[in-house]
Amino acid sequence: MAKLVEGCQSVLDIGWAQSPNPFLLNENVVGFDLNQRSLPHNYHESVAGDVHDMIRIFSGRRFDAVVAGEILEHVEQPHAFLRNCRALLSETGRLVLSTPNPNSPIERLLTITLNRNYFYTTEHLCLYPQRWLIRMMENSGFCDVELHSGGFPAPFLGLVPFPRPWCHQTIAIAVKDSRDEA
């Protein structure tokens with residue numbers, strides 16, 4: 001995801017505390033999470049708070065990019081979350097997010113068997129099929145939505161390349177639609 005925000009001066013990384021991204025080497029990286037933590041070398045600021053309060057917390061601030069890795073499936077109001085991300089972006093800003101793909105082979109198998117022991121955390125409120133993820137982002141004020149494969153976790157190999165329709169995680173990139181200023 002860091003590669004997708006290269007060239008952006010300021011980046012807001014939402015939900016960073018559990019797993020800071022060491023590859024975000026932008027000029028100004030701000031970590032935003034429910035939990036405060038010490039700053040890794042490449043982060044410049046840590047802000048604690050809830051995503052429902054992002055607009056108030058970052059009042060008047062704008063970012064060239066917002067990164068939200070594995071966050072969307074945790075929020076109760078995903079459209080409001082996306083609109084808030086949009087509001088925090090500069091005029092030509094972009095949103096980069098990742099979210100589990102409900103069409104991955106792992107999720108398909110677990111759904112067919114109605115397995116509630118794996119990848120069924122109470123913290124995941126909803127999973128988003130890829131075409132509906134695009135629609136959600138467009139309805140929230142983004143355009144030029146692109147989807148990419150986040151790969152597939154293979155035992156002993158780690159994350160391996162995998163076709164986008166069946167990848168384990170979907171990565172979405174979109175730009176702020178300036179035609180729809182709110």
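For the reader, a short list of remarks on this structure follows.
- Theoretical ellipticity at 222 nm over the chain - DSSP helices of four or more residues, -39500 (n - 2.57) apiece, nearest 500: -4500 deg cm²/dmol
- Each peptide in 104-117, 40-53 receives the mean, over its residues, of other Cβ atoms within 10 Å, and ordering these scores from highest gives 40-53, 104-117.
- Paramagnetic label zone (point 7 Å from Cα along Cα-to-C-beta, ARG108; backbone N under 13 Å) in the range 146-171: 163-168
- Pairs of Cα atoms in the range 49-182 fall into 5 Å distance bins, from 0 up to the last occupied one, in shares of 2, 10, 18, 22, 18, 13, 9, 5, 2, 0 percent.
- Summary value for the range 1-77: 34 percent relative contact order, contacts being C-alpha pairs under 8 angstrom separated by 6+ residues.
- Inter-label distance, nm, simple model (7 Å from Cα along the C-beta direction), GLU91/LEU25: 3.0 nm
- Measuring nothing but how far apart in sequence close Cα pairs (under 8 Å, 6+ apart) lie, relative to its length, the range 45-152 scores a relative contact order of 28 percent.
- Solvent exposure of the range 9-121 amounts to 53 Å² per residue of accessible area, where only protein heavy atoms count and the probe is 1.4 Å.
- Overall, the accessible surface of the chain at a probe of 1.4 angstrom is composed of carbon and sulfur to the extent of 53 percent.
- Note on GLN77 and GLN18: with the Förster distance fixed at 25 Å, the Cβ-Cβ geometry gives a FRET efficiency of about 0.70.
- Over all pairs of different C-alpha atoms in the range 122-182, the reciprocal of the mean inverse distance, the Kirkwood hydrodynamic radius, equals 13.1 Å.
- Modelled spin labels at ARG179 and ARG61, positioned 7 Å past Cα toward Cβ, are 3.2 nm from each other.
- The range 1-95 shape via C-alpha gyration tensor axes, a/c threshold 1.5: rounded
- Net +/- balance of residues flanking ASP50 in space, Cβ distance below 15 Å, scoring K and R +1, D and E -1: -3
- Rg/Rh (Cα only; Kirkwood hydrodynamic radius) as it applies to the range 54-129: 1.09
- Taking every C-alpha pair closer than 8 Å and separated by at least 6 residues, the mean separation divided by the residue count of the chain gives a relative contact order of 19 percent.
- Relative to the longest principal axis of the Cα atoms of the chain, helix 78-87 runs at roughly 30 degrees.
The values are calculated or read from the model by the stated rules, or taken from the named source; none is laboratory data. From a predicted model like this one, the values you see are computed outputs, not experimental measurements. Heads up, the Cβs are rebuilt from the backbone with ideal geometry, glycines too, and the neighbour counts pull from every protein chain shown. SASA here: full protein model, heavy atoms, side chains in, ligands and nucleic acids out. Shrake-Rupley method; radii C 1.70, N 1.55, O 1.52, S 1.80 Å.
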